[in-house]
Amino acid sequence: MKNTGIILASLLGGLIVGSALTMLFTPQSGPETRKQIKDFINDEIDKMKSQVDKVHDKIEEARCHCDQQ
């Protein structure tokens, strides 16, 4: 389970870095690019928080299920 989390975090980090680099090398103005990067990172953070909440809920569900047995 630990390795899966590390792999997912690494994958997400790579996606964010790759996307940010792609945006940096596109022909746009500096403020436009910075806004796009900021918006993208904020969206990804929101997605990750949602996924973490889902995993946390599943863990709590499993924990309660084990306690009841």
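In a reduced charge model with +1 at each Lys and Arg Cβ and -1 at each Asp and Glu Cβ, segment 2-68 shows a dipole moment near 240 debye about its Cα centre.
Estimated purely from DSSP H runs of n ≥ 4, each contributing -39500 (n - 2.57), the mean residue ellipticity at 222 nm for the chain is -32500 deg cm²/dmol once divided by its residues. Ranking Gly5, Ser29, Ile59 by Cα position along the charge dipole of the chain, where only Lys, Arg, Asp and Glu carry charges on their C-beta atoms, puts Ser29 farthest toward the positive end. Here, segment 1-57 yields an orientationally averaged convex hull projection of 4.0 nm² when only Cα atoms define the hull. The label-point distance for Lys47 and Ile16, in a model that sets each label 7 Å from Cα toward Cβ, rounds to 1.2 nm. Among the lysines of the chain, pairs at least eight places apart or on separate chains and with Cα atoms under 25 Å apart come to 11. The long axis of helix 2-24 is offset from the longest Cα principal axis of the chain by roughly 20 degrees. Roughly what would the spin-label model give for Glu61 and Ile7, points 7 Å off Cα along C-beta, in nm? The modelled label-to-label distance comes out at 2.2 nm. Please give the helix 30-68 orientation as an angle from the longest Cα principal axis of the chain, in degrees from 0 to 90, rounded to the nearest 10. The angle comes out at about 0 degrees.
All of the numbers you see were taken from the coordinates with simple rules; none came from a lab. Small disclaimer: the values here were computed from a predicted structure and weren't measured. Heads up, the Cβs are rebuilt from the backbone with ideal geometry, glycines too, and the neighbour counts pull from every protein chain shown.
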